[in-house]
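The values are calculated or read from the model by the stated rules, or taken from the named source; none is laboratory data. Note that the structure is a prediction, hence the values are computed from the model and not measured. Using ideal geometry, Cβ is built from the backbone for each residue, glycine included, and neighbour counts are taken over all protein chains shown. Side chains are part of the model used for accessible areas, which takes the heavy atoms of the whole protein and leaves out ligands, DNA and RNA. Shrake-Rupley method; radii C 1.70, N 1.55, O 1.52, S 1.80 Å.
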Amino acid sequence: MATNVHTSTHPSKLLAPTMSQHRTFKNDEFWRALPGYADVSREEFADARWQLKHSIRKVDQAKNILGHLLSEEVYQDMIQGQHITPMNIRITPYIFALIDWSDPINDPLRKQFLPLGSQFLPDHPYYAEDSLAEDEDSPVEELTHRYHDKVLFLPTTLCPVYCSYCTRSRLIGGSTESVEKETYGVNKKKWEAVFEYIKTQPQVEDVVLSGGDATMLTAAQLTEVGESLLNIPNVRRIRIATKGVAIYPQKFLTDDAWFGALTGLHKMGRDMGKQVVVHTHFSCTHEITDWSKQACDRLFDAGIIVRNQAVLQAGVNNTVEEMVMLTRKLAYMNVQPYYVYMHDMVPGCEHFRTTIKEGEELEKAVRGTTAGFNTPTFVCDLPGGGGKRHIASYEYYDQENGISVWSAPNVKPGKLFTYFDPIHKLSKDAQARWMDEKTRQAMVDEAIKKVE
Ligand SMILES: *Cc1c(COP(=O)(O)O)cnc(C)c1O
Ligand code: SF4
């Protein structure tokens, strides 16, 4: 009988290739194409310790691994990048090998983690190192308490990769040629003060553990932080934020002690009626492989919910095609697309930023392409500490001059906030207006007056 023909065919076979692309995951030994990794076996590459130990931390290491694949021009450009960037280099071999080295200039992963001197633009006149004013809303070190019932806790300043666009470049990853940083690693005395503070705030139910990255805590440290928080009666929900799933999936697959600490916390939470979930950060489909799928499958098997927060970045994910594909691919891996952020106005990031208009257009195009619960909310985290706002909820938007004015009724009642589109995306006339300090300030004042 041929009645079951369709059920015995994998559903993806019934679709045109472009429709099922989100269901295919790269699984070849892609790293062996790089001269320095030609002899690295799959077992070695799968080992989380190997990945961390062989992380690329200097331009010359990159050069050695790439050999003839790296042109002198791009090499010099990378060295120039190191003079400017506020972030040190650190890239897992996994991500490094996913870069298309035949076209490094345009590769979205190279853009995120290996800045080139030639790509930087002057910072926006209203950029700030602590653009979100996290320090201002910080009652004790390593903690930001901005919203009524949720807090942001930064227990470490280390990450397995350093993103050149990090919103906390003022703290994360150690000093660079252009920025001195006082913080480094883990400080348990500061943790104690954080726990004590949360205990005194009975309205706080929700703790975001960010950083830095939770994969850089040892298993024992992760357990200590998680258990201390779960044991605070008012804490109901913990999110463990880690880019690890995206850039270091081996951690979830071969570091059983660490993975056990994570699942242990999840189980402890569940037994107490509390949520422990993972928030991760995939930016684009180029960084999703079968390794990502396996890491997400392992988390799914353990019953741990995973959500994704991406940053909207020019040349990385700012096309409809890429954003829809990213959304579908994440959903297929049981990762819920949660937020897409407008880029923060931090140093060294002007080339990444997009206009509010562009964000709105992308949000419009993505909504409706898949399940509503798998559709990310596009938000702007307001410079100056107004918190996250839906991208279309500004009070006023002068699109010509790239000035939007926002309110934050719950977070900072009565106060207005501004976000600015990147100047290089404005008309020539508007760019000229921005060059003049007085005209610039007058435009901003005028926009604010429209709302007051
Ligand atoms: C983003 C953030 C949170 C969490 O906000 P959600 O919208 O619930 O994801 C909490 N505190 C601070 C300071 C934040 O920046
Ligand atoms: S993983 Fe997060 S905290 Fe770490 S460098 Fe990247 S953006 Fe910054």
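For the chain, which whole-number percentage of the solvent-accessible area (1.4 Å probe, protein heavy atoms only) is attributable to carbon and sulfur atoms?
51
For a quick check of understanding: with a 1.4 angstrom probe and all protein chains in place, what accessible area in square angstrom does Met216 have, to the nearest ten?
Solvent-accessible area, nearest 10 Å²: 40 Å².
For the chain, just the Cα atoms, rotate onto the principal axes and tell me the three extents in Å, largest first.
That works out to 71, 56, 56 Å along the principal axes.
In percent, how large is the relative contact order of the chain, given Cα pairs closer than 8 Å and 6 or more residues apart?
Normalised by residue count, the contact order of the chain is 14 percent.
State which entries of Lys111/Lys364; Lys58/Lys188; Lys188/Lys329; Lys53/Lys267 exceed 28 angstrom in Cα-Cα distance in the structure shown.
As for pairs spanning more than 28 Å Cα to Cα, those are Lys58/Lys188; Lys188/Lys329; Lys53/Lys267.
With a 1.4 Å probe and all protein chains kept in place, how much accessible area does Ile65 have, in Å² rounded to the nearest 10?
Ignoring ligands and nucleic acids, Ile65 comes out at about 20 Å².
Hey, what's the chain come to in accessible area per residue, 1.4 Å probe, Å²?
Per residue, the chain has an accessible area of 43 Å².
Cα gyration tensor of the stretch 357-398, axes a ≥ b ≥ c as square roots of the eigenvalues: rounded (a/c below 1.5), prolate (a/b > b/c) or oblate?
Because a/c hits 1.5 or more and a/b fails to exceed b/c, the stretch 357-398 counts as oblate.
R0 = 22 Å: FRET efficiency of Glu141 with Glu180, Cβ-based, nearest 0.05?
Plugging the Cβ-Cβ distance into 1/(1 + (r/R0)^6) gives 0.80.
If Lys and Arg each add +1 and Asp and Glu each add -1, what is the summed charge of the other residues whose beta carbon sits under 11 Å from the beta carbon of Gly273?
In short, +3.
For Lys364 paired with Ala219, estimate the spin-label separation in nm (one decimal), with each label point 7 Å from Cα along the Cα-to-Cβ line.
Distance between the two pseudo-spin positions: 5.2 nm.
Add -39500 (n - 2.57) for each DSSP H run of 4 or more in the chain, then divide by its residues: what number comes out at 222 nm, to the nearest 500 deg cm²/dmol?
-10000 deg cm²/dmol
Using a Förster distance of 35 angstrom, determine the FRET efficiency expected from the C-beta separation of Lys189 and Tyr126, and round it to 0.05.
The calculated FRET efficiency here is 0.45.
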